1. For the residues 157, 140, what sequence is obtained by ranking on other C-beta atoms within 10 Å, fewest first?
2. Report, largest value first, the span of the C-alpha coordinates of the stretch 73-160 along each principal axis, in whole Å.
3. So how far, in whole Å, is the C-alpha centre of the stretch 123-160 from the one of the stretch 53-107?
4. In degrees from 0 to 90, rounded to the nearest 10, what is the angle of the helix 77-88 Cα long axis to the longest principal axis of the chain?
5. Over the alpha-carbon set of the stretch 88-130, divide Rg by the Kirkwood Rh and report the Rg/Rh ratio to two decimals.
6. In bins 10 Å wide, starting from 0, what share of all Cα pairs of the chain does each bin hold, as a percent?
7. Sequence gap at least 6, Cα distance under 8 Å: using those rules, report the relative contact order of the chain to the nearest whole percent.
8. Would you please put 142-150, 1-9 in order of how densely packed they are, using the mean number of other Cβ atoms within 10 angstrom per residue and starting with the highest?
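A short reminder: the numbers here are calculations on the coordinates, not readings from a lab. Because the structure is a prediction, the values reported are computed rather than measured. Cβ sites come from the backbone with ideal geometry, for glycine too, and all protein chains shown count toward neighbours.
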């Protein structure tokens, strides 16, 4: 993974991105300085070696994969962030909502996150529960951990 995104248990990535918002210079910042990540960094390859076709990322917090496709010739950091935002902005289906279990802790957590998100955005109530609401309070992408044995990237989320 690109150093912007590469994370491990002992070495957090420098990225700090609230996935509620579309990736931009205001929403994608350095974890320590809170300064915007430069556009040239976002346009760099997300992987090494660079991947031209697709990248599949997973999270323990989500039942859906995030599939990243290149907007150009290679998958960039921005392509990855846009794919995360797009995937998590998708409205959940009735079946997905029911799969959490009626009245379960997971369903209540998602409902609270939906309310918090709509208040934070000043609207969106009519849009319903989104996949991002499965994250609860942990809406910040703080890195990608790659399992060296399988090569699978795991999205790491944290609280503000």
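1. 140, 157
2. Projected onto the principal axes, the Cα atoms of the stretch 73-160 cover 39, 29, 25 Å.
3. 8
4. Its long axis makes an angle of about 10 degrees.
5. When Rh is taken as the Kirkwood radius, the ratio is 0.97.
6. Histogramming the chain at 10 Å steps yields 11, 40, 34, 14, 1 percent.
7. Computed over the chain, the figure is 27 percent.
8. With the highest mean Cβ count within 10 Å placed first, the list reads 1-9, 142-150.
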